[in-house]
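One structure is given below, encoded as structure tokens.
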Amino acid sequence: LEKAKRDLAALGKVNPLAGEEYDALETRNQYLNDQRNDVVKSRDDLMKLIRDLDSTMVSVFKSAFDDTGAAFEKMFATLFPGGTGRLRLDDPDDLLATGVIVEASPAGKRVKQLSLLSGGERSLTALALLFAIFTARPSPFYVMDEVEAALDDVNLTRLINAFNELREHAQLIIITHQQCTMSIADARYGLRRRSAGATAVVSQGLSR
């Protein structure tokens, strides 16, 4: 008996609820581990989705860039007879972050920077890029607002030739004040002022 008393005293204070507390903590620990595993799995799934999207974006961008580059060279030759233009990547090894560099050399000029071109030449170069995108990834129709405002008669004639190429696979809606541009239209729409400040839409179909 004395030995049993000594052994009991050596145990010290005993928490009779320790078993229940242990079970509760074990349940809580299991719950938190399950939650953590769900987060880790969701993270892994998200990272896989990001990798798949990156791969898809690289593939789509590369295809679009190649098609646009080929169309730009052709369109640039239309707008600048005898000139050369091309698109190149700033960082071909990182297609997700690369920039696109536009190189434009009208006939008889060796230009390294677009800022050295005249205002009309810069406008035509921008239009060549825009039309190249239209050609590479066509849409049913395009709306353009006075895109030829900065062009002289010679460059306007070249732009009209590009319009005629573009209209082969799309409908064009062009807002313009240029008579030459209006002359190639299938239909013209305008506004005229009536009495008392009212306006009316006037349309005219053209036989071609």
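Taking springs between alpha-carbon atoms closer than 10 angstrom, which of Ser123, Ser105, Ser195 fluctuates most in the Gaussian network model of the chain? Result: Ser195 has the largest fluctuation of those listed. Over the C-alpha trace of the stretch 16-70, radius of gyration and Dmax come out as 23.8, 83 angstrom.
Take the Cα radius of gyration of the stretch 38-98 and divide it by 2.2 N^0.38 Å, N being the number of residues; the result is 1.71. Taking the longest Cα principal axis of the chain as reference, the axis of helix 119-136 is set at about 60 degrees. If the chain linking Arg86 and Asn37 were pulled fully straight, counting 0.36 nm for each residue of separation and taking away their Cα-Cα distance, it would gain 12.5 nm. What lysines could a cross-link reach from Lys5, if we take a straight Cα to Cα line under 16 Å and drop same-chain neighbours fewer than 8 places away? Counting by Cα, and skipping residues close in sequence, Lys5 has these lysines nearby: Lys13.
For Lys41, the accessible area of its heavy atoms, probed at 1.4 Å with every protein chain present, is near 120 square angstrom. Take the chain with all the other protein chains still there, run a 1.4 Å probe, and you get 71 Å² of accessible area per residue. Our estimate of slack between Leu116 and Ile160, defined as 0.36 nm per intervening residue step minus the Cα-Cα distance, is 13.4 nm.
When the Gaussian network model of the chain links Cα atoms closer than 10 Å, the mean-square fluctuations of Pro92, Pro16, Pro106 top out at Pro16. Here the chain exposes an accessible surface that is 55 percent carbon and sulfur, computed with a 1.4 Å probe and the other protein chains kept in place.
Computed on the chain, the Cα convex hull volume stands at 308 Å³ per residue. GNM remark for the chain: springs join alpha carbons under 10 Å apart, and the peak mean-square fluctuation among Thr84, Thr135, Thr56 falls on Thr56.
For the stretch 3-124, the alpha carbon convex hull comes to 207 Å³ per residue, rounded to a whole number. Axis of helix 2-11 versus longest Cα principal axis of the chain: the two differ by about 20°, to the nearest ten degrees. Computed with a 1.4 Å probe over protein heavy atoms only, the accessible area of Asp67 comes to about 70 Å². When the alpha carbon coordinates of the stretch 116-208 are projected onto the principal axes, the ranges are 49, 30, 22 Å, largest first.
To the nearest ten degrees, helix 153-166 and the longest principal axis of the Cα atoms of the chain are 60 degrees apart.
Positive end of the dipole of the stretch 1-141, charges at C-beta (+1 Lys, Arg; -1 Asp, Glu), about the Cα centre: which of Ala64, Leu127, Ala24 has its Cα farthest in that direction? Towards the positive end, the residue furthest out is Leu127. Go through Gly197, Ala4, His169 and say which Cα lies farthest out towards the positive end of the charge dipole of the chain; charges sit on Cβ, +1 for Lys and Arg, -1 for Asp and Glu. Farthest towards the positive pole: Gly197.
The base-10 log of I(q)/I(0) for the stretch 90-152, evaluated at q = 0.23 Å⁻¹, reads -1.08 [Debye formula, identical scatterers on Cα atoms, solvent excluded].
The values are calculated or read from the model by the stated rules, or taken from the named source; none is laboratory data. Note that the structure is a prediction, hence the values are computed from the model and not measured. Cβ coordinates were reconstructed from backbone atoms using ideal geometry, including for glycine residues, and neighbour counts include every protein chain displayed. Areas reflect the complete protein model, heavy atoms only, side chains present, ligands, DNA and RNA absent. Shrake-Rupley method; radii C 1.70, N 1.55, O 1.52, S 1.80 Å.
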